Amino acid sequence: MDEPLSIVLFSGTDDRLTAASVFAAGAAVLGRPVRILLQYWGLEAFRADRIATQRGLSTDADAQGAPLFRAAQAAGQVDWAETLRQSRELGEVEIHACAQSMDVLKLQSTDLDPMVDGVEGIAGFLAAAGSGQLIFL
């Protein structure tokens, strides 16, 4: 079995959420297990009452970024949350909330979208990552 692809999703901007979901889908298609750890603003994006909210783009996207991103959406690009849902149908994709971030943001598991599988600490996440790839977004 291939080593897992582990993604630490710290950012909550639409472009980085999209990047994480595309990596997850690609790895799932290849049969690689995927583990995503949601921290701070990445976790905030998974609140059940806000998951469908437009979140803007990172500061890396200059003035040309927003129109290009909107054009991709208008052309039919699936949003990040739906891409993650689809990737979970394609393969083994687990999504966990960071325990410390949950405490800092004063969130309960019931505040999160149902696609979040549970809460996990950093040590457990890193242990499960093993020698697999780790991406930080």
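No value in this document is a laboratory result; all are computed from the given coordinates. Please read all numbers here as calculations on a predicted model, not as lab measurements. Please note: Cβ atoms are built from the backbone with ideal geometry, for glycine as well, and neighbour counts cover all protein chains shown.
Region 17-81: Rg/Rh from Cα coordinates, Kirkwood Rh? Rg/Rh for region 17-81 comes to 0.99.
For region 14-54, the residues whose backbone nitrogen is under 11 Å from a point 7 Å from the Cα of D2, taken along Cα to Cβ, are 24-34.
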